[in-house]
Each structure stands twice: as structure tokens, then as C-alpha cells.
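The block underneath contains the structure these notes are about, expressed in C-alpha cells.
The values are calculated or read from the model by the stated rules, or taken from the named source; none is laboratory data. From a predicted model like this one, the values you see are computed outputs, not experimental measurements. Here the Cβ positions follow ideal geometry from the backbone for every residue, glycine too, while neighbour counts run over all protein chains shown.
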Amino acid sequence: MLSADTLLLSATELSRRIAARDISCVELMQATLARIDALNPRYNAIVSLADADACLAQARERDAQLAAGQRMGWMHGFPLAVKDLSDAAGFPTSRGSPLAPRTPAQADFPQVARMRASGAIVIGKTNTPEFGLGSHTYNPVFGTTLNAWSPQHSAGGSSGGAAVALALGMLPVADGSDMMGSLRNPAAFNNVIGLRPSRGRVPGPAADELFFQQLGIEGPMGRTVEDTARLLCVQAGHDRHSPLSLTDALPSPDALELETDLRGKRIGWLGSLWPELPLEPGLVSLCEKAVQQFGALGCAVEPCTLEVPREQNWQAWLRLRQLLVGGKLATLDANPALREKIKPEARWEIEQSHHLDAASLYEASTYRSNVYRAFVRLFERFDFVVAPTAQLFPFDAQLHWPDAVAGVASDTYHRWMEIVTPFTLAGLPTLNLRAGFGGNGLPMGISLAGPVNADLDVLRAGHAYDRACAWSAMHPPVLGNGA
């Protein structure tokens with residue numbers, strides 16, 4: 001059996017050691033299953049776990065391939081749990097809802113197929129809020145996922161199970177998806193890394209609506225920026241079934257180079273984005289201190305603001321999200337017996353979508369365009385912009401959602417995550433980086449964003465920051481000294 005420390009190696013190092021046969025795939029699988037058995041009952045990050053014997057049998061196959069000189073790819077032998085909004089063949093996709101069928105999926109979503117092709121072994125799913133709605137991972141099917149640093153607090157969401165599994169060493173890397181910060185917020189809440197890529201970088205499922213779905217996107221998570229970048233290289237690539245997928249290819253994960261010199265780069269510090277946006281006391285000062293690290297790396301850091309009215313941004317967000325969520329869940333709403341079983345937040349989205357018309361949606365798209373243009377103006381002055389990833393630190397896990405931020409009441413279930421919405425609306429590659437810990441001992445992150453399609457530039461800048469900070473060496477208290 002491998003030492004417990006091995007499970008906290010970077011995925012980059014783990015991949016190298018597996019390829020060199022210093023670590024066997026069976027040993028890694030045994031240690032992973034033991035870690036899950038020890039911690040998952042408390043934290044509830046991984047659901048629909050596969051049979052241990054079946055997982056070990058696949059690990060033995062991977063070892064046999066290596067012995068024959070055959071390596072499938074960068075993820076050869078990696079245990080992988082797929083976010084429970086994505087199909088993985090042989091596993092049910094519950095979407096956290098009792099209304100979802102419990103029959104196993106027949107095929108993989110594109111990013112899952114690519115991870116399998118790179119050698120990953122799917123061992124289960126990671127928990128998510130019902131239908132992925134809300135940035136707090138709880139649902140009536142599997143219950144609540146708890147924060148890796150403090151199990152009394154929220155893990156964030158909707159990729160909360162993935163973030164906690166990463167932080168606790170249950171997985172070397174993880175996939176997730178992001179509409180309203182779902183790759184960024186849980187990463188910030190659990191002291192790991194999450195990247196929302198440019199739209200089309202990681203193709204979505206061909207069965208979904210293909211043209212209006214421009215807010216939700218799949219992407220990678222890791223314990224380091226380097227690991228996250230290499231996983232993106234596995235997931236990314238044009239797919240002819242996805243008409244909005246990007247055609248420019250990323251390097252192979254083994255060939256990726258992230259070294260860069262940040263001296264002379266210009267960083268715009270957005271702070272709260274808008275002066276009136278509420279943030280929990282202590283959060284801005286923590287993030288401002290973190291941003292100073294870019295200055296230490298030779299960057300010029302300057303405060304800035306997003307020059308688009310806050311209300312325009314929010315109205316664009318509300319209407320376009322309601323279009324997508326209401327449309328996708330319309331069949332459930334049409335059945336009175338099912339409608340009453342839908343979570344209240346989802347029912348609210350559907351009900352609001354009934355009031356949409358062509359004029360209001362056109363206006364929302366115009367407002368969204370204004371958000372994009374505001375970022376274009378910023379990128380004429382700056383290479384990258386940075387903002388806090390969330391508006392408050394991890395909150396009580398028993399809450400459904402925070403009803404106020406800094407004393408300002410939340411008028412919707414997701415208003416407390418307003419800070420992430422401009423980056424989604426503009427389609428920017430946005431990387432959560434660790435900002436450290438607040439006075440409450442809970443993690444927080446900063447979001448580093450660059451121009452559309454500048455994913456690798458953002459990752460290279462984030463990699464330099466990540467290596468200069470000490471936060472990646474810190475592990476949740478339950479792991480002791482990294483064990």
C-alpha cells in the first residue's frame with residue numbers, strides 16, 4: 001500500500017511516476033479507495049461509487065499495458081469521479097434530483113470520453129446540487145457535501161463534490177462545469193484550483209441544445225495550476241458535433257510548457273467590480289494582499305472598475321439564465337405531479353422564464369454585449385484582470401443559501417454569487433487561484449481572467465503565482481501533516 005502522502009502528490013508528478021512504473025496503477029487505486037472509505041462517509045464528496053473489485057481489475061489492466069510498453073496518455077491509471085451532471089457510461093446521472101432516471105448512461109459526454117481515452121478509470125461520480133442550481137452542494141438524493149477545511153461549512157458548488165474530493169486527496173484531478181462560478185467558487189472554498197475555460201474550449205454534449213447554451217461550460221480542476229492546465233489539454237479540442245467548439249488545438253498534456261516571465265505584465269485589480277457590490281468584511285483585504293504577489297513577480301498592479309452598469313449586468317444574467325434553465329426543465333414543469341417535486345429555486349427559474357419575450361431577450365443580449373465591450377476596454381489597458389472569486393467566505397452548510405451579504409439582503413437565491421457573472425457573460429477564461437485564509441480560518445480565492453481564448457496565457461500567469469505562494473502546500477486539518 002502506498003503511503004498516504006502519495007495521494008497528495010501533484011497529478012503531474014503522479015503521472016510521471018506511473019509512466020516510470022515507480023507507482024503501480026493497482027497501488028494507486030488501492031490507496032484511493034482506502035482514502036474514500038475513510039473520509040467520504042463524513043464529507044460526502046463522491047457518490048455512485050463503483051465496485052472496488054471492478055476498479056482494481058481495470059487498474060491491473062492499466063499496469064499490464066505499461067508492462068507491454070503501452071501508455072494510453074497523461075491520465076493513465078488515474079482514478080476519476082465524474083461530476084454528476086455529466087454522463088459517464090455505466091453510471092447513473094442523477095443531477096442530484098429524485099426526478100432523474102437511475103439507469104446507467106449508455107455513453108460518455110465528450111470530456112469524459114477524452115479523459116478515459118487518456119487512461120483514466122472512472123470509479124464514480126462527484127456530488128452536485130439538484131440540477132446544478134445554486135453554489136452550495138446539497139440535494140435530496142445524496143445529501144450535503146461538506147467543506148474539506150471545515151465540515152460545518154458549505155463546499156460551494158455546483159462542482160462541490162469535485163473540489164472536496166481533490167482537497168482531501170480522493171482524486172488526483174477532477175472535471176467540473178461552470179455557469180455561475182461552479183468551477184471557481186468551490187475551488188475557492190476548498191483551497192484548490194478551478195478553471196472556467198473560454199466558450200468552446202471543451203465541447204459540451206451533442207444531445208443538448210447547441211447554439212443558445214453559451215453560459216454553462218465544462219472544465220478542469222486540480223490541486224495545482226499545472227495539473228489543471230494539463231487536464232484542460234486532455235479535455236479540450238474541436239468536436240464536429242459541437243458547432244461552437246474552438247478549432248485551435250492545445251499542446252498535448254505531456255508537452256505543455258507553462259514557464260513564463262511576468263515582469264512588465266499589467267494587472268487590473270477589479271476589487272468588488274462595482275463600489276456598491278456587498279462583500280463580507282475581511283474578504284477584500286485578504287484578496288488585495290494576495291494580488292500583491294503579482295507585484296512581487298514584477299507585474300504592474302493598478303485598481304480598476306468594470307464600466308458597465310451593475311443592473312445591466314444583472315438583468316442580462318437573470319433573463320439569459322432563465323431562458324436556459326426554464327427551457328431545459330420545461331418538460332418537468334408541464335407535469336403537475338413532477339412540478340411540485342422540483343426544488344424551489346428551479347421552480348422560480350421556470351416561473352420567471354414564462355415572462356420572457358423577444359424584446360426582453362434581445363435587450364438582455366445587448367446588455368451582455370455591453371459587459372463584453374467593458375472587458376475589451378479593460379484589456380486595452382491590462383493583460384489580465386483580477387477580482388475576488390466570491391462575495392463571502394464558506395457559510396453554514398445547513399443553509400440553503402445565504403440570505404444576506406454584509407448586511408445586504410439577497411433578493412434571489414443566487415445574488416450572493418453576482419461577482420462571477422460578468423466573467424461568464426463575457427466568455428472570459430477565468431482561473432480561481434488561492435488567496436489564503438480569512439480570520440475565520442476558511443479559504444478564499446481570487447479570479448484571474450484574460451481575453452477570450454487566452455486560456456494558456458491565463459494558466460501560465462496563474463502557474464507563476466501558484467508556485468510563488470505557500471497555499472498549495474497546506475492541506476485540510478483532517479489530513480494532519482499531509483497524510
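Number of residues in the range 110-128 that are touching a residue at least 40 places away in the same chain (Cβ under 8 Å), more than 27 Å from Ala390 (Cβ to Cβ) and not in a strand (DSSP E or B) equals 8.
Sort through Ile36, Ile18 and tell me the only one that's buried (at least 20 other Cβ atoms within 10 Å of the Cβ), among the β-branched types (Val, Ile, Thr), more than 28 Å from Ser252 (Cβ to Cβ) and modelled with pLDDT of 95 or more. Matching residue, one of Ile36, Ile18: Ile36. Going by the conditions given, is Thr126 in contact with a strand residue (DSSP E or B) (Cβ under 7 Å, 6 or more places away or on another chain), surrounded by 23 or more Cβ atoms within 10 Å (Cβ to Cβ) and at pLDDT 95 or above? Against the criterion (in contact with a strand residue (DSSP E or B) (Cβ under 7 Å, 6 or more places away or on another chain), surrounded by 23 or more Cβ atoms within 10 Å (Cβ to Cβ) and at pLDDT 95 or above), Thr126 qualifies.
Of all residues in the range 432-453, those satisfying the criterion of being within 20 Å of Trp317 (Cα to Cα) and either assigned to a strand (DSSP E or B) or without any contact (Cβ under 8 Å) to a residue 40 or more places away in the chain (or both) are Ser447, Ala449.
When the range 142-157 is limited to residues that are under 23 Å from Ala100 (Cβ atoms) and within 18 Å of the chain's Cα centre (by Cα), the one that is surrounded by the fewest Cβ atoms within 10 Å (Cβ to Cβ) turns out to be Thr144.
Taken across the range 454-469, residues that are among the aliphatic types (A, V, I, L, M) and either modelled with pLDDT under 95 or assigned to a strand (DSSP E or B) (or both) do not occur at all. Restricting the range 237-270 to residues that are touching a helix residue (DSSP H, G or I) at 6+ places or on another chain (Cβ under 8 Å) and within 13 Å of Ser198 (Cα to Cα) leaves a set whose member that is surrounded by the most Cβ atoms within 10 Å (Cβ to Cβ) is Leu250. When residues in the range 129-141 are screened for being assigned to a loop (DSSP other than H, G, I, E, B) and buried (at least 23 other Cβ atoms within 10 Å of the Cβ), 6 of them pass.
Restricting the first member to the range 380-401 and to residues that are touching a residue at least 12 places away in the same chain (Cβ under 8 Å) and polar (S, T, N, Q), and the second to residues that are assigned to a strand (DSSP E or B) and buried (at least 23 other Cβ atoms within 10 Å of the Cβ), the beta-carbon pairs closer than 8 Å and six or more apart or on different chains are Thr389/Asn432; Thr389/Ala435; Thr389/Met444; Thr389/Gly445; Thr389/Ile446; Thr389/Ser447.
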